[in-house]
1. Take the residues of segment 5-27 that are under 11 Å from P60 (Cβ atoms) and among the hydrophobic types (A, V, I, L, M, F, W, C): which is most open to solvent (accessible area, probe 1.4 Å)?
2. Residues that are open to solvent by 90 Å² or more (accessible area, probe 1.4 Å): find the helices (runs of 4 or more DSSP H) completely inside segment 252-344 holding 2 or more of those.
3. Name the single residue that is most open to solvent (accessible area, probe 1.4 Å) among those in segment 106-119 being within 20 Å of G55 (Cβ to Cβ) and assigned to a helix (DSSP H, G or I).
4. Could you please find all residues in segment 133-153 being assigned to a helix (DSSP H, G or I) and without any contact (Cβ under 8 Å) to a residue 40 or more places away in the chain?
5. Restricting the first residue to segment 306-318 and requiring it to be under 19 Å from G237 (Cβ atoms), which pairs with a second residue that is assigned to a helix (DSSP H, G or I) and aromatic (F, W, Y) meet a Cβ separation below 8 Å and a spacing of at least six or different chains?
6. Pairs only if they're at least six apart or on different chains, beta carbon under 6 angstrom, first in segment 80-96 and within 20 Å of A109 (Cα to Cα), second open to solvent by 10 Å² or more (accessible area, probe 1.4 Å) and not in a helix (DSSP H, G or I); list them, first residue then second.
7. Find all pairs meeting these conditions: Cβ atoms under 6 angstrom apart; at least six residues apart or on different chains; first residue within segment 157-175 and under 24 Å from K274 (Cα atoms); second residue open to solvent by 40 Å² or more (accessible area, probe 1.4 Å) and assigned to a helix (DSSP H, G or I).
8. Inspect all residues belonging to segment 59-66 and state whether any of them is polar (S, T, N, Q) and either touching a strand residue (DSSP E or B) at 6+ places or on another chain (Cβ under 7 Å) or open to solvent by 40 Å² or more (accessible area, probe 1.4 Å) (or both).
Amino acid sequence: MSLDHVTAELVHQIDAELREIVRSPHHSLASYYGMLQYHLGWVDEHLRPIETVGGKRLRPMLCLLTCQALGGTLMQALPAACAIELIHNFSLVHDDIQDGSQIRRGRRAVWDIWGMDQGINVGDGLFAIAHLALHRMSDRGVSSNKQLAASRALEKACLALCEGQFFDMAFEAHLDVDQDRYLWMIRCKTGALIAAATEVGAILATDDARTIQLCRLFGEHLGVAFQIQDDILGIWGDEQLTGKSAASDIKDRKKTLPVVYALNQPHKRQAASKLSDLYARTTTLDEAAIQIALEILDSVGARQHAEEMALRYLEMAMRDLEETAIEHAAQANLREIASSLVGRQT
(Lines give C-alpha, C1' and ligand atoms only; values in the text may rest on other atoms or scores of the structure.)
Protein backbone atom coordinates (compact mmCIF):
# COMPACT_ATOMS: atom_id res chain seq x y z
CA MET A 1 0.00 0.00 0.00
CA SER A 2 1.43 3.40 -1.00
CA LEU A 3 2.27 6.01 1.61
CA ASP A 4 -0.24 8.42 0.05
CA HIS A 5 -2.99 5.86 0.52
CA VAL A 6 -1.91 5.14 4.10
CA THR A 7 -1.75 8.81 5.08
CA ALA A 8 -5.08 9.59 3.38
CA GLU A 9 -6.74 6.80 5.33
CA LEU A 10 -5.15 7.92 8.60
CA VAL A 11 -6.18 11.54 8.04
CA HIS A 12 -9.74 10.35 7.36
CA GLN A 13 -9.80 8.44 10.66
CA ILE A 14 -8.20 11.31 12.58
CA ASP A 15 -10.64 13.88 11.23
CA ALA A 16 -13.62 11.64 11.90
CA GLU A 17 -12.50 11.27 15.53
CA LEU A 18 -11.75 14.99 15.82
CA ARG A 19 -15.20 15.89 14.55
CA GLU A 20 -16.75 13.76 17.27
CA ILE A 21 -14.53 15.35 19.92
CA VAL A 22 -15.16 18.95 18.78
CA ARG A 23 -18.90 18.53 18.23
CA SER A 24 -21.01 21.29 19.79
CA PRO A 25 -22.81 19.87 22.87
CA HIS A 26 -25.73 22.30 22.52
CA HIS A 27 -27.17 24.50 19.77
CA SER A 28 -26.55 27.61 21.90
CA LEU A 29 -22.80 26.91 21.65
CA ALA A 30 -22.77 26.32 17.90
CA SER A 31 -21.02 29.63 17.19
CA TYR A 32 -18.29 28.95 19.74
CA TYR A 33 -17.59 25.43 18.49
CA GLY A 34 -17.88 26.80 14.97
CA MET A 35 -14.83 28.97 15.63
CA LEU A 36 -12.89 25.89 16.74
CA GLN A 37 -14.07 24.04 13.65
CA TYR A 38 -13.05 27.01 11.48
CA HIS A 39 -9.51 26.82 12.80
CA LEU A 40 -9.45 23.06 12.20
CA GLY A 41 -10.41 23.73 8.57
CA TRP A 42 -13.95 22.35 8.35
CA VAL A 43 -16.01 25.54 7.96
CA ASP A 44 -15.57 29.01 6.49
CA GLU A 45 -15.74 32.27 8.46
CA HIS A 46 -19.51 32.20 8.14
CA LEU A 47 -19.38 28.74 9.75
CA ARG A 48 -20.59 27.03 6.58
CA PRO A 49 -19.10 23.58 5.81
CA ILE A 50 -16.30 23.54 3.24
CA GLU A 51 -13.83 21.11 1.75
CA THR A 52 -11.30 20.62 4.52
CA VAL A 53 -8.30 22.96 4.54
CA GLY A 54 -6.86 21.73 7.82
CA GLY A 55 -3.22 21.05 8.58
CA LYS A 56 -1.13 18.03 7.66
CA ARG A 57 -2.18 16.09 10.80
CA LEU A 58 1.49 15.13 11.02
CA ARG A 59 1.60 14.65 14.79
CA PRO A 60 -1.41 12.34 15.11
CA MET A 61 -0.21 10.34 12.08
CA LEU A 62 3.17 9.83 13.72
CA CYS A 63 1.44 8.74 16.92
CA LEU A 64 -0.73 6.20 15.11
CA LEU A 65 2.05 4.84 12.90
CA THR A 66 4.40 4.44 15.87
CA CYS A 67 1.70 2.57 17.78
CA GLN A 68 0.95 0.39 14.76
CA ALA A 69 4.64 -0.34 14.12
CA LEU A 70 4.96 -1.72 17.65
CA GLY A 71 1.90 -3.91 17.36
CA GLY A 72 -0.61 -1.59 18.98
CA THR A 73 -4.21 -0.91 17.96
CA LEU A 74 -5.02 2.24 15.99
CA MET A 75 -8.53 2.55 17.42
CA GLN A 76 -7.12 2.62 20.96
CA ALA A 77 -4.53 5.25 20.02
CA LEU A 78 -6.88 7.55 18.08
CA PRO A 79 -8.07 9.59 21.11
CA ALA A 80 -4.48 10.29 22.18
CA ALA A 81 -3.47 11.13 18.61
CA CYS A 82 -6.35 13.62 18.40
CA ALA A 83 -5.45 15.09 21.79
CA ILE A 84 -1.96 15.79 20.47
CA GLU A 85 -3.39 17.43 17.34
CA LEU A 86 -5.68 19.62 19.45
CA ILE A 87 -2.77 20.70 21.67
CA HIS A 88 -0.85 21.61 18.52
CA ASN A 89 -3.78 23.68 17.27
CA PHE A 90 -4.25 25.40 20.63
CA SER A 91 -0.65 26.55 20.34
CA LEU A 92 -1.19 27.81 16.78
CA VAL A 93 -4.22 29.91 17.76
CA HIS A 94 -2.26 31.52 20.58
CA ASP A 95 0.87 31.87 18.43
CA ASP A 96 -1.08 33.88 15.86
CA ILE A 97 -2.23 36.25 18.59
CA GLN A 98 1.22 36.60 20.13
CA ASP A 99 2.87 37.13 16.74
CA GLY A 100 0.11 39.35 15.36
CA SER A 101 -0.17 36.95 12.41
CA GLN A 102 -3.35 37.54 10.44
CA ILE A 103 -3.01 34.53 8.15
CA ARG A 104 -3.03 30.85 9.07
CA ARG A 105 -2.94 28.16 6.35
CA GLY A 106 -3.84 30.69 3.70
CA ARG A 107 -6.92 31.95 5.54
CA ARG A 108 -7.59 34.66 8.11
CA ALA A 109 -6.53 33.64 11.61
CA VAL A 110 -9.25 33.09 14.21
CA TRP A 111 -8.39 36.23 16.17
CA ASP A 112 -8.35 38.35 13.01
CA ILE A 113 -12.00 37.45 12.35
CA TRP A 114 -13.51 37.27 15.82
CA GLY A 115 -11.10 39.40 17.85
CA MET A 116 -8.29 38.72 20.28
CA ASP A 117 -10.50 37.89 23.27
CA GLN A 118 -12.43 35.25 21.37
CA GLY A 119 -9.18 33.98 19.87
CA ILE A 120 -7.71 33.38 23.32
CA ASN A 121 -10.90 31.61 24.36
CA VAL A 122 -10.80 29.38 21.26
CA GLY A 123 -7.23 28.37 22.07
CA ASP A 124 -8.15 27.66 25.68
CA GLY A 125 -11.10 25.55 24.52
CA LEU A 126 -8.89 23.45 22.25
CA PHE A 127 -6.49 22.92 25.17
CA ALA A 128 -9.28 21.74 27.49
CA ILE A 129 -10.92 19.51 24.88
CA ALA A 130 -7.55 17.90 24.15
CA HIS A 131 -7.28 16.74 27.74
CA LEU A 132 -10.85 15.47 27.78
CA ALA A 133 -10.13 13.53 24.59
CA LEU A 134 -7.58 11.39 26.43
CA HIS A 135 -10.36 9.95 28.59
CA ARG A 136 -11.91 8.39 25.48
CA MET A 137 -9.16 5.76 25.68
CA SER A 138 -10.81 4.15 28.69
CA ASP A 139 -13.79 3.18 26.52
CA ARG A 140 -11.44 1.38 24.14
CA GLY A 141 -9.72 -0.92 26.58
CA VAL A 142 -6.59 1.11 27.35
CA SER A 143 -5.38 0.40 30.88
CA SER A 144 -5.37 3.17 33.48
CA ASN A 145 -1.59 2.88 33.81
CA LYS A 146 -1.07 3.47 30.09
CA GLN A 147 -3.56 6.34 30.11
CA LEU A 148 -1.67 7.94 32.97
CA ALA A 149 1.70 7.49 31.23
CA ALA A 150 0.32 8.95 27.99
CA SER A 151 -1.20 11.88 29.86
CA ARG A 152 2.06 12.55 31.70
CA ALA A 153 4.01 12.55 28.42
CA LEU A 154 1.57 15.03 26.89
CA GLU A 155 1.59 17.31 29.95
CA LYS A 156 5.39 17.43 29.91
CA ALA A 157 5.28 18.32 26.21
CA CYS A 158 2.74 21.10 26.90
CA LEU A 159 5.03 22.64 29.48
CA ALA A 160 8.07 22.33 27.19
CA LEU A 161 6.07 23.96 24.40
CA CYS A 162 5.26 26.93 26.66
CA GLU A 163 8.89 27.16 27.78
CA GLY A 164 9.99 27.19 24.16
CA GLN A 165 7.47 29.88 23.33
CA PHE A 166 8.76 31.95 26.25
CA PHE A 167 12.27 31.85 24.84
CA ASP A 168 11.06 32.46 21.30
CA MET A 169 9.35 35.66 22.42
CA ALA A 170 12.28 36.63 24.64
CA PHE A 171 14.66 36.26 21.69
CA GLU A 172 12.72 38.97 19.84
CA ALA A 173 14.26 41.60 22.11
CA HIS A 174 17.85 40.32 21.79
CA LEU A 175 20.39 40.04 19.01
CA ASP A 176 22.84 37.88 20.96
CA VAL A 177 21.04 34.59 20.36
CA ASP A 178 23.51 31.83 19.53
CA GLN A 179 22.82 28.60 17.70
CA ASP A 180 22.86 26.36 20.78
CA ARG A 181 20.21 28.47 22.51
CA TYR A 182 18.13 28.56 19.35
CA LEU A 183 18.29 24.79 18.89
CA TRP A 184 17.29 24.31 22.52
CA MET A 185 14.32 26.60 21.98
CA ILE A 186 12.99 24.74 18.93
CA ARG A 187 13.60 21.41 20.66
CA CYS A 188 11.08 22.62 23.23
CA LYS A 189 8.69 24.58 21.03
CA THR A 190 8.44 22.13 18.12
CA GLY A 191 10.37 19.00 19.00
CA ALA A 192 8.61 18.32 22.31
CA LEU A 193 5.13 17.79 20.89
CA ILE A 194 6.33 15.65 17.98
CA ALA A 195 8.37 13.68 20.52
CA ALA A 196 5.22 13.27 22.62
CA ALA A 197 3.36 11.96 19.56
CA THR A 198 5.84 9.15 18.92
CA GLU A 199 6.34 8.50 22.65
CA VAL A 200 2.61 8.20 23.33
CA GLY A 201 2.21 5.91 20.31
CA ALA A 202 4.91 3.68 21.77
CA ILE A 203 3.48 3.81 25.31
CA LEU A 204 0.14 2.51 24.03
CA ALA A 205 1.79 -0.41 22.21
CA THR A 206 4.64 -1.62 24.40
CA ASP A 207 5.97 -1.70 27.96
CA ASP A 208 9.61 -1.74 26.84
CA ALA A 209 11.18 1.42 28.32
CA ARG A 210 14.11 1.52 25.88
CA THR A 211 11.83 1.28 22.84
CA ILE A 212 9.63 4.04 24.22
CA GLN A 213 12.67 6.25 24.80
CA LEU A 214 14.02 5.63 21.29
CA CYS A 215 10.62 6.51 19.82
CA ARG A 216 10.59 9.72 21.85
CA LEU A 217 14.07 10.64 20.59
CA PHE A 218 13.01 9.83 17.03
CA GLY A 219 10.18 12.35 17.37
CA GLU A 220 12.33 14.98 19.06
CA HIS A 221 15.07 14.88 16.44
CA LEU A 222 12.50 14.80 13.65
CA GLY A 223 10.75 17.80 15.21
CA VAL A 224 13.96 19.83 15.17
CA ALA A 225 14.58 18.90 11.52
CA PHE A 226 10.97 19.83 10.71
CA GLN A 227 11.32 23.26 12.34
CA ILE A 228 14.59 24.01 10.59
CA GLN A 229 12.90 23.21 7.28
CA ASP A 230 10.12 25.63 8.31
CA ASP A 231 12.82 28.23 8.95
CA ILE A 232 14.09 27.73 5.42
CA LEU A 233 10.60 28.05 3.96
CA GLY A 234 9.93 31.17 6.05
CA ILE A 235 12.72 32.94 4.16
CA TRP A 236 13.01 31.22 0.78
CA GLY A 237 9.65 29.45 0.41
CA ASP A 238 7.32 29.85 -2.55
CA GLU A 239 4.43 32.09 -1.51
CA GLN A 240 2.01 30.13 -3.71
CA LEU A 241 2.89 26.92 -1.89
CA THR A 242 3.41 28.09 1.69
CA GLY A 243 0.46 30.47 1.90
CA LYS A 244 2.76 33.09 3.44
CA SER A 245 4.28 36.16 1.86
CA ALA A 246 7.80 35.67 0.53
CA ALA A 247 10.56 36.21 3.11
CA SER A 248 7.87 36.62 5.78
CA ASP A 249 10.27 35.72 8.59
CA ILE A 250 12.69 38.45 7.49
CA LYS A 251 9.88 40.99 7.30
CA ASP A 252 8.84 40.05 10.84
CA ARG A 253 12.51 40.06 11.93
CA LYS A 254 12.28 36.55 13.31
CA LYS A 255 15.53 35.07 14.54
CA THR A 256 15.28 31.72 12.85
CA LEU A 257 18.27 29.44 12.30
CA PRO A 258 19.59 31.06 9.07
CA VAL A 259 19.52 34.50 10.73
CA VAL A 260 21.05 33.25 13.98
CA TYR A 261 23.81 31.60 11.95
CA ALA A 262 24.49 34.81 10.01
CA LEU A 263 24.56 36.92 13.17
CA ASN A 264 27.20 34.66 14.70
CA GLN A 265 29.83 34.55 11.95
CA PRO A 266 33.12 35.75 13.51
CA HIS A 267 34.92 35.72 10.15
CA LYS A 268 32.27 37.82 8.45
CA ARG A 269 31.75 40.53 10.98
CA GLN A 270 30.77 43.17 8.45
CA ALA A 271 27.88 41.07 7.12
CA ALA A 272 26.80 40.11 10.65
CA SER A 273 26.95 43.74 11.77
CA LYS A 274 24.91 44.91 8.80
CA LEU A 275 22.24 42.28 9.46
CA SER A 276 22.25 43.16 13.14
CA ASP A 277 21.62 46.82 12.26
CA LEU A 278 18.67 45.85 10.08
CA TYR A 279 17.16 43.69 12.84
CA ALA A 280 17.69 46.46 15.39
CA ARG A 281 15.38 48.82 13.49
CA THR A 282 12.17 49.79 15.23
CA THR A 283 10.27 50.23 11.97
CA THR A 284 8.95 47.48 9.70
CA LEU A 285 11.51 46.28 7.18
CA ASP A 286 10.64 47.47 3.67
CA GLU A 287 11.32 45.53 0.47
CA ALA A 288 14.76 47.13 0.03
CA ALA A 289 15.82 46.14 3.56
CA ILE A 290 14.47 42.62 3.07
CA GLN A 291 16.50 42.27 -0.12
CA ILE A 292 19.66 43.43 1.69
CA ALA A 293 19.01 40.85 4.44
CA LEU A 294 18.57 38.10 1.85
CA GLU A 295 21.84 39.06 0.17
CA ILE A 296 23.63 38.92 3.53
CA LEU A 297 22.21 35.46 4.26
CA ASP A 298 23.35 34.30 0.83
CA SER A 299 26.84 35.74 1.33
CA VAL A 300 27.44 33.73 4.52
CA GLY A 301 25.87 30.50 3.25
CA ALA A 302 23.04 30.59 5.75
CA ARG A 303 20.63 28.55 3.64
CA GLN A 304 23.17 25.80 3.00
CA HIS A 305 24.00 25.67 6.71
CA ALA A 306 20.31 25.34 7.64
CA GLU A 307 19.76 22.63 5.04
CA GLU A 308 22.77 20.70 6.37
CA MET A 309 21.48 21.03 9.94
CA ALA A 310 18.04 19.76 8.93
CA LEU A 311 19.63 16.73 7.28
CA ARG A 312 21.82 16.11 10.34
CA TYR A 313 18.79 15.98 12.64
CA LEU A 314 16.90 13.82 10.15
CA GLU A 315 19.79 11.36 10.17
CA MET A 316 19.71 11.30 13.98
CA ALA A 317 15.98 10.57 13.88
CA MET A 318 16.52 7.75 11.39
CA ARG A 319 19.19 6.19 13.63
CA ASP A 320 16.80 6.32 16.59
CA LEU A 321 14.14 4.57 14.54
CA GLU A 322 16.62 1.96 13.32
CA GLU A 323 17.70 1.17 16.89
CA THR A 324 14.15 0.21 17.85
CA ALA A 325 14.60 -2.83 15.58
CA ILE A 326 10.95 -2.57 14.61
CA GLU A 327 10.02 -5.09 11.91
CA HIS A 328 6.70 -3.85 10.57
CA ALA A 329 5.45 -2.16 7.41
CA ALA A 330 4.60 0.91 9.49
CA GLN A 331 8.32 1.50 10.09
CA ALA A 332 8.79 2.03 6.36
CA ASN A 333 5.93 4.51 6.46
CA LEU A 334 7.50 6.34 9.40
CA ARG A 335 10.81 6.48 7.56
CA GLU A 336 9.17 7.78 4.37
CA ILE A 337 7.17 10.45 6.20
CA ALA A 338 10.27 11.57 8.09
CA SER A 339 12.27 11.86 4.88
CA SER A 340 9.52 13.88 3.21
CA LEU A 341 9.61 16.56 5.92
CA VAL A 342 13.10 17.75 5.00
CA GLY A 343 13.31 19.46 1.63
CA ARG A 344 9.53 19.88 1.44
CA GLN A 345 8.05 23.01 -0.18
CA THR A 346 5.03 23.52 2.11
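1. The residue in question is V11.
2. Ranges flagged: 269-279, 287-299, 302-323.
3. By that ranking, first place goes to W114.
4. Of everything in segment 133-153, those that are assigned to a helix (DSSP H, G or I) and without any contact (Cβ under 8 Å) to a residue 40 or more places away in the chain turn out to be S138, D139, S144, N145, Q147, L148, S151, R152.
5. Sorted first by the residue in segment 306-318, then by its partner, the pairs are A306/Y261.
6. D96/R104
7. Going by the 6 Å Cβ cut-off, the qualifying pairs are D168/K189.
8. Quick first cut of segment 59-66, residues polar (S, T, N, Q) only: 66.
Checking the rest, the ones that are also either touching a strand residue (DSSP E or B) at 6+ places or on another chain (Cβ under 7 Å) or open to solvent by 40 Å² or more (accessible area, probe 1.4 Å) (or both) come to none.
No, segment 59-66 contains no residue that is polar (S, T, N, Q) and either touching a strand residue (DSSP E or B) at 6+ places or on another chain (Cβ under 7 Å) or open to solvent by 40 Å² or more (accessible area, probe 1.4 Å) (or both).
The values are calculated or read from the model by the stated rules, or taken from the named source; none is laboratory data. Quantities reported herein were computed from a predicted structural model and do not represent experimental measurements. Note: ideal-geometry Cβ built from the backbone for every residue, glycine included; neighbour counts use all protein chains shown. Only protein heavy atoms, including side chains, enter the accessible area calculation; ligands, DNA and RNA are left aside. Shrake-Rupley method; radii C 1.70, N 1.55, O 1.52, S 1.80 Å.
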